[in-house]
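Structure, as structure tokens:
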Amino acid sequence: MTYEERLSTYTQYVHEFLDKLLSEKDCQGQEQIIKAMRYSALAGGKRLRPALVMEFYRLSGGNPKDVLPFAVALEMIHTYSLIHDDLPCMDNDDFRRGKPTNHKVYGEAMAVLAGDALLTEAFALATRPENLEKFTAEQIVKATNCLAKNAGVFGMIGGQVIDIESEHKKISYDELVLLQKYKTGALIESAVQMGCILGGADENKLKAAKEYAYSLGLAFQIQDDILDIEGDAEIFGKPIGSDIEKEKSTFPSQIGLDNCKEKVKQLTQNAISAVKNGFEESEFLIWLADKLSVRNN
Ligand code: GRG
């Protein structure tokens, strides 16, 4: 199997799982909210975070499909964050993943609820009793706790709070790195950690996985900022120039585009070294880091 095929297999697994989980067949009167959840959850997306959960679990000797309830739970939390981030009270964006944003189609109230529901159902999925057939209670508690903490106040939400509080202010480069470590990095870190926890990886592997995630996450965010300047809106799935329009502190505004491109290269190399040192069969993760460093969507 080529690396591209492995990634599309992971993507396919996630899509099929979500399609079944958010089935319109058995809505029991909740057609509208299920439709709104499906709209964003099945709108495409790179599925980077669930792919990382599955790959780190595979490297620990497991069958990637077994870990789908956790990988999909993470993707549901990621999707909720995008729906809420696009709301008029936050970034007020009209396009996401190449489609009108959730509130543009279902209205603000339903979009808030669709986000809330994806968040809540994510935890129902990670803790559903049948997960005990494949994992110990300790693994499930640790993996779910890791997910909750990284999505919470000292993770993604905390990053968004710092982001909002920094609007129209000049923040330092280190403050920007910290903001992105929480806002973008925390969920990426939770992906690799969950894969390792559920696969029973040892401390050295966990440390290497976290180093990989940190560098990958930061490179990912810098590349996102670059694409907001140089990207193609059709491919990127959302308008270009929104960071400048909203006067956001971004990496290009701090250190310039050329330095950003250099940073993406350096961080990608750091990620590659970390995973090479920690894992014997790291080729897919190396390929993924390289691929993300030149992504255009
Ligand atoms: C509003 C609860 C709440 C949280 C906001 C994560 C976040 C915090 C907002 C999302 C918007 C944003 C620009 C986040 C930075 C991380 C990022 C680049 C997200 C986009 O992730 P991709 O590129 O998206 O993996 P796809 O669509 O491919 O899944």
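The values are calculated or read from the model by the stated rules, or taken from the named source; none is laboratory data. Predicted model, so just to flag it, every value in this text is computed and none were measured. With ideal geometry, Cβ positions are generated from the backbone for all residues, glycine too; neighbour counts draw on all protein chains shown.
Table for the structure above
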read-out	value
Neighbours by Cβ (under 8 Å, 6+ apart or cross-chain): first from segment 77-88, more than 17 Å from Lys35 (Cβ to Cβ) and within 8 Å of the ligand (Cβ to nearest atom); second in a helix (DSSP H, G or I) and among the basic types (Lys, Arg)	His78/Arg49
Residue match in segment 50-62 (condition: hydroxyl-bearing (Ser, Thr, Tyr), in contact (Cβ under 8 Å) with a residue 12 or more places away in the chain and not in a helix (DSSP H, G or I))	yes
Single match in Gly155, Gly98 (criterion: within 18 Å of the chain's Cα centre (by Cα), at pLDDT 95 or above and within 11 Å of the ligand (Cβ to nearest atom))	Gly155
Any hit, segment 59-68, residues being at positive phi and more than 15 Å from the chain's Cα centre (by Cα)	yes
Residue match in segment 180-195 (condition: within 11 Å of the ligand (Cβ to nearest atom) and either among the hydroxyl-bearing types (Ser, Thr, Tyr) or at pLDDT below 95 (or both))	yes
Inter-residue pairs, beta-carbon under 9 Å, first exposed (fewer than 11 other Cβ atoms within 10 Å of the Cβ) and in segment 15-34, second at pLDDT below 90, 6+ apart	Glu31/Glu24
Helices (runs of 4 or more DSSP H) wholly inside segment 231-291 that include at least 3 residues being aliphatic (A, V, I, L, M) and free of Cβ contacts under 8 Å to residues at least 12 places away in the same chain	none
Which listed residue is modelled with pLDDT under 95, over 16 Å from Ala143 (Cβ atoms) and either within 12 Å of the ligand (Cβ to nearest atom) or not in a loop (DSSP other than H, G, I, E, B) (or both), from Gly45, Gly29, Gly115	Gly45
Breaking point among (1) crowded, with 20+ Cβ neighbours inside 10 Å; (2) over 28 Å from Ile164 (Cα atoms), for Ile83	(2)
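Results for (1) surrounded by fewer than 22 Cβ atoms within 10 Å (Cβ to Cβ); (2) of a type in the set (Asp, Glu); (3) in contact with a strand residue (DSSP E or B) (Cβ under 9 Å, 6 or more places away or on another chain), shown as yes or no for each residue.
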{"residue": "Val177", "(1), (2), (3)": "yes, no, no"}
{"residue": "Leu198", "(1), (2), (3)": "no, no, no"}
{"residue": "Asn204", "(1), (2), (3)": "yes, no, no"}
{"residue": "Ala213", "(1), (2), (3)": "no, no, no"}
{"residue": "Leu227", "(1), (2), (3)": "yes, no, no"}
{"residue": "Pro239", "(1), (2), (3)": "yes, no, yes"}
{"residue": "Glu247", "(1), (2), (3)": "yes, yes, no"}
{"residue": "Gly256", "(1), (2), (3)": "yes, no, no"}
